[in-house]
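Asks: The following block contains the structure, expressed as structure tokens.
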Amino acid sequence: MMTLGEFHRLLIAAFRRHCPQARVTIDESRGISLSGQAELAPDTFLAVYYNALTGKTSYALIQRGQRKAGYDNYRFWHRHPLEAPADHISCDEPSLDDAIAELVAASEGLI
């Protein structure tokens, strides 16, 4: 499992690489968890959560308050595909960089 600092550094690097124009905010809580957002358009953003103690991780593409696609490891690693965001499709753990790249690419069809 990654430390919070390692995850933070990789997240900033992924946001810079895949959505350099985005307005990024990252909040850490008690050195244990991190919540980050990259605003891609006024009503569309990427939301990321990581807990260094439990390993809980989620990546989501949000538009107008609704998840459009994403990945998370609640119970098991799964993805929420753009064509059916309520579905839970089992998958291997994506790298942080791959998850951000995929969700940024998915956002291009929405904004």
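The values are calculated or read from the model by the stated rules, or taken from the named source; none is laboratory data. Predicted model, so just to flag it, every value in this text is computed and none were measured. Positions of Cβ are generated from backbone atoms using ideal geometry, with glycine treated the same way; all protein chains shown enter the neighbour counts.
Asks: Can you tell me which of LEU40, LEU61, LEU53 is without any contact (Cβ under 8 Å) to a residue 60 or more places away in the chain and touching a Ser or Thr at 6+ places or on another chain (Cβ under 6 Å)?
Replies: Step by step, each of LEU40, LEU61, LEU53 is checked, and only LEU61 is without any contact (Cβ under 8 Å) to a residue 60 or more places away in the chain and touching a Ser or Thr at 6+ places or on another chain (Cβ under 6 Å).
Asks: Which ranges mark the strands (runs of 3 or more DSSP E) fully within segment 1-109 that have 2 or more residues being surrounded by fewer than 11 Cβ atoms within 10 Å (Cβ to Cβ)?
Replies: 23-29
Asks: So which of ALA69, ALA105 ends up being of a type in the set (A, V, I, L, M), touching a Pro at 6+ places or on another chain (Cβ under 9 Å) and at pLDDT 95 or above?
Replies: So the residue among ALA69, ALA105 that is of a type in the set (A, V, I, L, M), touching a Pro at 6+ places or on another chain (Cβ under 9 Å) and at pLDDT 95 or above is ALA69.
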